[in-house]
Amino acid sequence: MANDILTLTESAKSRVRHIMQLRDEEPPAIGVRIGVRNAGCSGMTYSMDFATEISAHDEVIESDDVKVMIDPAAIMFLIGTELDYKEEKLSAGFVFNNPNVTSTCGCGESFTVG
């Protein structure tokens, strides 16, 4: 089931590797944690942070040498999502290509699932 929840593009994996190398805090990170929280004008927004441990109910995605922990409360909102990383002239960031999204706010920071 884990592979059905989230896939990572090569660009996303490369960026996760890069930010993991830059982190020098203790305890060391073992990967990144992705969640969904209520926020924004469309209702929900993604959260992404360093993971220092695997929680008991986390869904763990391993793609090559990159490890992503999915918060159990976010699983139903992320099924089928592709995580990408895009660099453009004036911006750069992770992009969630989520087939479950039915609408987004004008600024693109929050979403609604149907």
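Taking the condition surrounded by fewer than 18 Cβ atoms within 10 Å (Cβ to Cβ) and at pLDDT below 90, does Gly43 pass?
yes
Each row is one residue, and each column tells you yes or no for (1) β-branched (Val, Ile, Thr); (2) crowded, with 17+ Cβ neighbours inside 10 Å; (3) part of a loop (DSSP other than H, G, I, E, B).
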{"residue": "Asp4", "(1), (2), (3)": "no, no, no"}
{"residue": "Ala12", "(1), (2), (3)": "no, yes, no"}
{"residue": "Val16", "(1), (2), (3)": "yes, yes, no"}
{"residue": "Glu25", "(1), (2), (3)": "no, no, yes"}
{"residue": "Asp49", "(1), (2), (3)": "no, no, no"}
{"residue": "Ser55", "(1), (2), (3)": "no, no, yes"}
{"residue": "Glu62", "(1), (2), (3)": "no, no, no"}
{"residue": "Lys67", "(1), (2), (3)": "no, yes, no"}
{"residue": "Ile75", "(1), (2), (3)": "yes, yes, no"}
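Yes or no: the range 87-101 includes at least one residue that is over 18 Å from Gly31 (Cα atoms), part of a strand (DSSP E or B) and modelled with pLDDT under 90.
Yes; the residues of the range 87-101 include at least one that is over 18 Å from Gly31 (Cα atoms), part of a strand (DSSP E or B) and modelled with pLDDT under 90.
Quick one: in the range 33-47, of everything that is in a strand (DSSP E or B) and of a type outside the set (A, V, I, L, M), which residue is farthest from Glu10 (Cα to Cα)?
Residue satisfying both the conditions and the ranking: Asn38.
Note down all Cβ pairs under 9 Å where the first residue falls in the range 66-94 and is without any contact (Cβ under 8 Å) to a residue 12 or more places away in the chain, the second is part of a loop (DSSP other than H, G, I, E, B) and not acidic (Asp, Glu), and they're at least six residues apart or on different chains.
Going by the 9 Å Cβ cut-off, the qualifying pairs are Met76/Asn100.
Out of all the residues in the range 27-39, which are surrounded by fewer than 17 Cβ atoms within 10 Å (Cβ to Cβ) and not aliphatic (A, V, I, L, M)?
Those that are surrounded by fewer than 17 Cβ atoms within 10 Å (Cβ to Cβ) and not aliphatic (A, V, I, L, M): Pro27, Pro28, Arg37, Asn38.
The values are calculated or read from the model by the stated rules, or taken from the named source; none is laboratory data. Note that this is a predicted model, so its numbers are computed, not measured. Here the Cβ is made from the backbone with ideal geometry for all residues, glycine too, and neighbour counts use every protein chain on show.
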